[in-house]
1. Working only with C-alpha atoms, what are the Rg and Dmax values of the range A:1-46, expressed in angstrom?
2. Would you mind estimating how fast the range B:121-177 diffuses translationally, via Stokes-Einstein at 25 °C and 0.890 mPa s with the Kirkwood radius over Cα pairs, in µm²/s?
3. How would you order A:73-79, A:191-197, B:143-149 from highest to lowest mean count of nearby Cβ atoms within 10 Å?
4. From the gyration tensor of the Cα coordinates in the range A:329-486, what semi-axes in whole Å does the equivalent ellipsoid have, largest first, with each one equal to sqrt(5λ)?
5. Would you kindly calculate the mean projected area, averaged across all directions, of the convex hull enclosing the Cα atoms of chain B, in square nanometres?
6. Using a ≥ b ≥ c from the Cα gyration tensor of the range A:152-219 (square roots of the eigenvalues), is it rounded, prolate or oblate, where a/c under 1.5 gives rounded and otherwise the larger of a/b and b/c decides, a/b for prolate?
7. When only alpha-carbon atoms are used, what values of Rg and Dmax, in angstrom, describe the range B:75-121?
8. Below 8 Å between Cα atoms, with a sequence gap of 6+, how large is the relative contact order for chain A in percent?
């Protein structure tokens, strides 16, 4: 028989129940006297007098057999008990002897759970726990730390993906990048930067921005771009202020190759920053050429225009006899004609460049009639010379825009006439490249010829080998020929000696040329060969 | 507002309208955050700006969007590691709502900067209850409607909910009538 338990610490069994819903109390024979309400719900048949050993086992401290003395001796130590049922519930707490002299032992504890999900498997809810019990708070904290861990993993994954994407972009970028870490030291150099400057991570790792600028400066020859690494403090400060004021600046690198690069800097957190180099060599060159072209074009147009203006002013303000008037008008007419010719050539050039060959009608044509048609249409006023043509019996077909090819050949012939004012033969023949893949239409004169320097500038717009101005021309003809030939897949070649004359060759590729029946053209054997 | 709320909003927009829509909303709201950290605290303004921008971009009135978000929030959190919080609160919707303040009290102890709303239940009969909602934040009552609808789905209970009293100056509580219609 068990006795009726005395109140503990003045708490009635009902109050004890609410304060410690997982407690139990046994008598000296280890028979249950009372259990908390959650435990009662779990063991509805375990009433007063039920042996403790049929409901619980002690997991810690290790006990072979439940023994009153051993349980009572656990004192202040932690006791872990486990319910004996299909889904065991572990309770963590301590066993206290009741101060009643009855030998009763009181266990006070609460479920030992490590995950919030275990509550559901134990059919426990928030209501089953006393308000003072912090196990729920522990579980909430644990759950929150798991969520934080999951977020951290997600962030790490996102960062890794972004980092890989950025790495690929930097690797493939034609622009140069140098990244500085949070201490302002280089920790990354991309291949484009290395290619532009010849400076790799080995040379730059650990360097500061000023030191990198110093190394870049050393690649430039101008004093302005030279290293500031050894400047005195005041100058360094000045340069730093300049850099802040103008985050983008141009550097003229002389090594490893001559390049114009634009340097900019983007600052991040702390001392982290990215230095960015963009190769603007081509843009700078194009800008320079554009300005030069505009200046030259304006100058070239002004010369005949000034002449027209001056002569018409004379005609307006002064009386002339008929013969003189006619002579003046002839000059005005000639200068106006030169203007129109120059503007036509400029427009042709602009159109060809803008369309980039899209309006070319490339077709397979027989070369002989093309040459003959060009010669038939050629009219050089006041020059009775005939062009000597020596063409082989068999000529391959070529892929050309017939009208453009005729224009190119006409320009070469016109030059041959102009630059051989003392007479001399002008010849056309056809040559073949040694590998048989290209065919050249060669125009030769025995005129004034060109020096090596003149030859080097012959394709520049408005460049005239004759500086005297006695020979008419716009200086655009050879530029046009060059554009036309390149857009037809060929090129133009010039050979010249001062006083010995000039040879100009229009090279046409024979690759892919087919006869009407579709047979590829064979190299014509009786053509002169060129390497 | 804790990051979890913004994260759920992002997830809802992405699942329905795609990642591009969310990026557009963030840009419009001028919110430059890639990943919201669930238990990190963000200014309430961020959430309000995101909801406003989402309303503009998606063409839904803010109230409809908040109600949809409330419902999504319950389902999202229950499926993304926070389901146990719901199960701790009870096995039936009415129990859960009654326990919600206890749950919030525990969570509030752990996250003192979390400004949690208060819910009290006034039981009318077995099938009807009044839910009194009090919050320091304005304009979120439509979200409560969605939250309770979401909880109904979570606990597999059919219900209707109607706001019967609004907050007003001097009256900080909004009240909802919840009619429980039985299991789903």
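1. 10.4, 28
2. 204 µm²/s
3. B:143-149, A:191-197, A:73-79
4. Sorted largest first and rounded, they come to 26, 20, 16 Å.
5. Seen from a random direction, the Cα hull of chain B projects 10.5 nm² on average.
6. Here the range A:152-219 falls in the oblate category.
7. Spelled out, the Cα radius of gyration and Dmax of the range B:75-121 are 10.8, 29 Å.
8. Here the relative contact order equals 8 percent.
None of the figures in this text is laboratory data; all of them are computed from the coordinates on show. Remember, predicted model here, so these are calculated numbers, not experimental data. Every residue, glycine as well, gets a Cβ built from its backbone with ideal geometry; the counts of neighbours run over all protein chains shown.
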